[in-house]
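The values are calculated or read from the model by the stated rules, or taken from the named source; none is laboratory data. Every value quoted in this text rests on a predicted model; they were computed, and no experiment measured them. Every residue, glycine as well, gets a Cβ built from its backbone with ideal geometry; the counts of neighbours run over all protein chains shown. Just the protein is used for accessible areas: all its heavy atoms, side chains included, with ligands, DNA and RNA removed. Shrake-Rupley method; radii C 1.70, N 1.55, O 1.52, S 1.80 Å.
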Amino acid sequence: MLRNDNFLRALSKQPVTRIPLWLMRQAGRYLPEYCETRKRAGGFMTLCQSADLACEVTLQPLARYDLDAAILFSDILTVPDAMGLGLYFETGEGPRFQRPLREEQAINELFAPDPYDSLAYVLDATRVIRKALDNSVPLIGFSGSPYTLACYMVEGGSSKDFRHIKTMLYTRPDLLHRILTVTSQAVTAYLNAQIENGAQAVMLFDTWGGSLSNAAYQEFSLAYMRQIIAGLRRERDGEKIPVIVFTKGGGLWLESIAESGCDAVGLDWTVSLGDARRRVGGKVALQGNLDPNVLFAPPQTIALEAEKVLASYQTAGDDMTGLVFNLGHGISQFTPPEHVHALIEAVHGYPR
Ligand code: 1CP
């Protein structure tokens, strides 16, 4: 039995003993202990590929802070790497692929990898982390959404304008649909394998879905996430496995995201939580949505800003059920780690 199941209870809109909170990218470069372990590993991918080191960094934020969930330490780009695109990290430049996906022939040859083969290291890490957590808090598994993964696959790395993928979308939509179909199969198998190996909730990170037009979002991003959700195992050992969908910049599409079959919708800071709850709170739980840059302000301001987010949610319902507090996007690597305490105290102490 989990000692702290508030995160899972909130996702099922059941009563909680406190508002659960975790932070996107909670294990990462803002923590000096993470930087130390990463240095010892010799590189980011080596860190992901060692179950013991991945476990060590997963637990680091939990040792420092009173968080209500752990997230598997890995990256969304492990899937395209397993599809043969050759992921590497250039220092200071972010992720890159040796073989970006642009040619019709390469797209036709694309295949969904068996997660128990080329992604076995992620599943090993999942098992080791789950064991180390020892039922203290739940473990979140994750994947990138097909469209977000396709952005990196087609662009060959991070992009500001998404020129290549949008050229494909408007010129050869059939090719993009082929990439998204195969990637959806890969993600479904990958998330089911994470669940099989101990993930107690799963989250789809659709970081770049918000760069699409309304019609294109429905066709090229949401439709594939819906397909994945329909193919996921939703229960293990008698426990429900909730699914969270996070489309950054997806506030406009809240109603349709809430109808994707997910249990919860992740929100960025551009949305009012109260409005969001009024729009879809009867249907799904919500996760979010403090601007991560608030953490640069002094602790008192952090507490006030967190309370504004919580109060907004409260205006739209009788109680605080159905809310998982989080940032609206990943925590910045420049965040002073000691500032996070003020946030956690404000959320767990709410209402004052
Ligand atoms: O040098 C380093 O140490 C690498 C920094 C880093 C970290 C800490 C990368 C490279 N990935 C991660 C871990 C990570 N990434 C996690 C697990 C850790 C945790 O949450 O505690 C998760 C869930 C991700 C997810 C991820 N990776 C996303 C989706 C969420 C988001 O932030 O939008 C995306 C877009 C990526 C791609 C990626 N990997 C790494 C970087 C720096 C990036 C972003 C590149 C870009 O901006 O385009």
Do the conditions hold for T167, that is, is it in a helix (DSSP H, G or I), β-branched (V, I, T) and near the ligand (Cβ under 10 Å from one of its atoms)?
no
From the list L47, L59, L77, pick out the single residue that is surrounded by 20 or more Cβ atoms within 10 Å (Cβ to Cβ) and in contact (Cβ under 8 Å) with a residue 60 or more places away in the chain.
L77
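Identify the residue in region 212-238 that is of a type in the set (D, E) and modelled with pLDDT of 95 or more and, among all such residues, is surrounded by the fewest Cβ atoms within 10 Å (Cβ to Cβ). Spell out how you get there, then give the answer.
The first filter runs over region 212-238 and keeps only residues of a type in the set (D, E), leaving 219, 235, 237.
Now restrict to residues that are modelled with pLDDT of 95 or more: 219, 235.
Values: E219: 18, E235: 9.
The selected residue is E235.
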Please go through (1) under 14 Å from the mean Cα position of the chain (by Cα); (2) open to solvent by less than 10 Å² (accessible area, probe 1.4 Å); (3) closer than 26 Å to L295 by Cβ for V243 and return the number of the only condition it doesn't satisfy.
(3)
Qualifying position, being touching a Cys at 6+ places or on another chain (Cβ under 9 Å) and in contact (Cβ under 8 Å) with a residue 12 or more places away in the chain, among I140, I129:
I129
Which condition number does E255 fail, the rest of (1) part of a helix (DSSP H, G or I); (2) surrounded by fewer than 20 Cβ atoms within 10 Å (Cβ to Cβ); (3) within 16 Å of the ligand (Cβ to nearest atom) being met?
(3)
Do we find that P20 is more than 9 Å from the ligand (Cβ to nearest atom), in contact with a strand residue (DSSP E or B) (Cβ under 7 Å, 6 or more places away or on another chain) and under 30 Å from K240 (Cβ atoms) in this structure?
yes
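Answer with yes or no whether L232 is hydrophobic (A, V, I, L, M, F, W, C) and outside any helix (DSSP H, G or I). Steps first, please.
Numbers: hydrophobic (A, V, I, L, M, F, W, C): yes; outside any helix (DSSP H, G or I): yes.
Yes; evaluated as a whole, the condition is true for this residue.
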Please go through region 46-75 and pick out each residue that is of a type in the set (A, V, I, L, M, F, W, C) and under 18 Å from the mean Cα position of the chain (by Cα).
C48, A54, C55, V57, L59, L62, L67, A69, A70, I71, L72, F73
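Any idea how many residues of region 113-141 are of a type in the set (F, W, Y) and within 21 Å of the chain's Cα centre (by Cα)? Before you say what the answer is, go through the steps one by one.
Just the residues of region 113-141 that are of a type in the set (F, W, Y), to begin with: 116, 121.
Subsequent filtering for residues that are within 21 Å of the chain's Cα centre (by Cα) retains 121.
Looking only at that region, the number is 1.
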Within region 181-208, which residues are part of a helix (DSSP H, G or I) and open to solvent by 20 Å² or more (accessible area, probe 1.4 Å)?
T181, Q185, T188, A189, N192, E196
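In this structure, does E104 turn out to be in contact with a Leu (Cβ under 7 Å, 6 or more places away or on another chain) and either of a type in the set (D, E) or at pLDDT below 95 (or both)?
On the way: in contact with a Leu (Cβ under 7 Å, 6 or more places away or on another chain): yes; either of a type in the set (D, E) or at pLDDT below 95 (or both): yes.
Yes, satisfied.
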